[in-house]
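See structure below.
The values are calculated or read from the model by the stated rules, or taken from the named source; none is laboratory data. Computed from a predicted model, the values in this text were never measured in an experiment. Cβ sites come from the backbone with ideal geometry, for glycine too, and all protein chains shown count toward neighbours.
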Amino acid sequence: MPVARVPRAERGHGMAPKFGTSGLRGLVTELTDDLVADHVRAFADACDTGGVLCVGRDLRPSSPEIATAVARAARSAGLRVIDCGEIPTPALALAARQHGGGAVMVTGSHIPADRNGLKFYARGGEITKEDEAAILAALDSVRPAAEHDDDVERDDQAGARFVSRYVSACGAEALSGKRIGLYSHSAVGRDHLAEILRALGAEVTELGRSDTFIPVDTEAVAPEVRQALSEWAAELGLDAIVSTDGDSDRPLLGDESGAVVPGDVLGQITAKMLGAETVVTPISSNSGVTDKGFEQVIRTRIGSPYVIAAMEEAGGRVVGYEANGGFLLGYEAQGPAGPLDALPTRDSVLPILMCLIAAGSGPVSLRVAVEPPVVTLADRLQEVPVEHSRALVERFRSSPSERATFLDGLDASEASVDLTDGVRMSLTDDRVVHVRPSGNAPELRLYVEARDRDSAHALLSRGLDQLRAAVGTGRPG
C-alpha cells in the first residue's frame, strides 16, 4: 500500500519568528520560552479572553513543550488555563466558545516540523487585524511575570463534544454504505474524523498513519500525495478518501478515483447544502460561486481575518470559506438531521461531510461535475526568501511591462488586473493567473483558473516555471 513520502524540510529562509493575524510562526529553535511568554502575555493584555484560556496542540514533536510555556505564561498573566490536549484547531475554538474564553493553539499548520507557531483566539473568535495591532503594541510594554501557581485544569471531553456536533447534525445513517479511506498521516484530528465517519455509518479504512510529522498542504497538494490517493482508490475500491492538514482545520477530499476536489468547490457545495444566503470568500477562490444563485457573494483579501470581518459586517445567514477548504459557519444552520451552532473559524469536517452527503448514493465526481465549469488550482515555490517573493510581486504590481513579459512566457495577454491581494491577472481568454507571497512561510504562491482541468494544469505548470526563472534571475520570465 503506498504511503506519501515526507517532504524535505525547508531551510529556514526568512523564517525568523513573525507575528500576524495568523499568529506567531517561526523556527522551533527560535520560539524560545521567553518569546512565547511575551506574546501570550501581550495577547492577554490586549484581547478579551474573559479571564480564561484554552490551550491545544498538534502532533509536532515540539508542541508539548511550547504548550507548557503557553500555559505557564497565561497563568502568570492571571488567566484560568484549561488544557485541551492534542485536538483539532476548530475543536479548540469550539471548546473556547463553550468555556466563554480565549484560546491558543500550538501548531505550525501545514509547514514542516522544524517550525511551529501559535494561533490566538479572543473570546469572540479568531483575532482580527485590530487585535493584531493591539498585541503588537502591547509587546512593547509587556509586564513582568507575576507570582503564580502552575494549576492547570483539563478538558478531556472537548474532542468528544466536537465529534458529537457533527453526528447529531448529520444523523447515524448519513454515510451508510460508503467506503471511505482516511489518510491519517500526522493530522491531530485523524482519530476524531475517523470516529465521526464511523458514527455516520461509513466503513473507514485508515491509510498512511505516521508517527513522524508530515506537512500536508491541502491547497497545494504534493504530487506524491495525489499519486498515493489515486493508488489507494484503485486498490481498495473506495468511494472517497479524506484527510486534513496538520492541525485539522483544512480539508482534503479525494473522489472515487482519488482525484482531489478543490477546497473552494467544497465550500460552494457546503454553502448550498446549509442554505446560506451570503457567501464570503477570498479573491483566490473559484469564481464559479457567483453563478450559484446566492443572494450575495463578497470577495476579500486572502486570509481568514478578512473573511471573518466581512462575515461580521454582512450578518444573517452568512458563511465563509477559503481556497484551502477551511469553512466558517456564521449562523445556526440546519444539518440533515439537526442544528449546527455557528463556528466562525476554519473547519475541515463540515465541508468533507457536506460533500459526501450531497453525493448521495452516486459518485462524488458526479456531484462535483454539476458545479459551474470553472477549475482553480494552486501551488507554490518553496524555499523562496520572503524578501525575494515580495520584491517580485511588487515589480508585477507597479509595472505593466513586467507583467507583460511574464505573461509572454505563457502565450497570454492581460485583460485586467486586480491588486487586492498580490497580483491577480485576468487574461484575454478568460483564464486567471494570480501571484502572491505567502504571509507566513518562505513561499511564492501561484493560483490559476481556467474552464477545464487540463488547461488549468498546463497554466499552473508553465506559470511555476516562469516564476522559478523570475526568482532565479531577478527578471519575470
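Collect the residues in region 287-306 that are crowded, with 23+ Cβ neighbours inside 10 Å and either assigned to a loop (DSSP other than H, G, I, E, B) or assigned by TED's automatic domain parsing to the domain that holds HIS434 (or both), keeping them in residue-number order.
ILE302
Inspect all residues belonging to region 299-311 and state whether any of them is at pLDDT 95 or above and touching a Lys or Arg at 6+ places or on another chain (Cβ under 6 Å).
no
Of all residues in region 396-436, count the ones that are crowded, with 18+ Cβ neighbours inside 10 Å and in a helix (DSSP H, G or I).
Of the residues in region 396-436, 5 are crowded, with 18+ Cβ neighbours inside 10 Å and in a helix (DSSP H, G or I).
I'd like to know if region 131-148 contains one or more residues that are under 28 Å from PHE19 (Cβ atoms), of a type in the set (Lys, Arg) and surrounded by fewer than 18 Cβ atoms within 10 Å (Cβ to Cβ).
The answer is yes; a qualifying residue exists.
The rows are residues; the columns are (1) touching a Pro at 6+ places or on another chain (Cβ under 7 Å); (2) over 24 Å from VAL349 (Cβ atoms).
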| residue | (1), (2) |
| --- | --- |
| GLU30 | yes, yes |
| ILE66 | no, yes |
| VAL70 | no, yes |
| LEU92 | no, no |
| VAL106 | no, no |
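Could you count how many residues in region 307-332 are part of a helix (DSSP H, G or I), within 15 Å of the chain's Cα centre (by Cα) and in contact (Cβ under 8 Å) with a residue 40 or more places away in the chain?
Number satisfying all stated conditions: 1.
If you check VAL471, VAL423, VAL386, which single one turns out to be modelled with pLDDT of 95 or more, at negative phi and in contact with a strand residue (DSSP E or B) (Cβ under 9 Å, 6 or more places away or on another chain)?
That would be VAL423, the only listed residue that is modelled with pLDDT of 95 or more, at negative phi and in contact with a strand residue (DSSP E or B) (Cβ under 9 Å, 6 or more places away or on another chain).
Just checking, which of ALA342, ALA391, ALA323, ALA337 is modelled with pLDDT under 95, of a type in the set (A, V, I, L, M, F, W, C) and surrounded by fewer than 18 Cβ atoms within 10 Å (Cβ to Cβ)?
The match here is ALA391.
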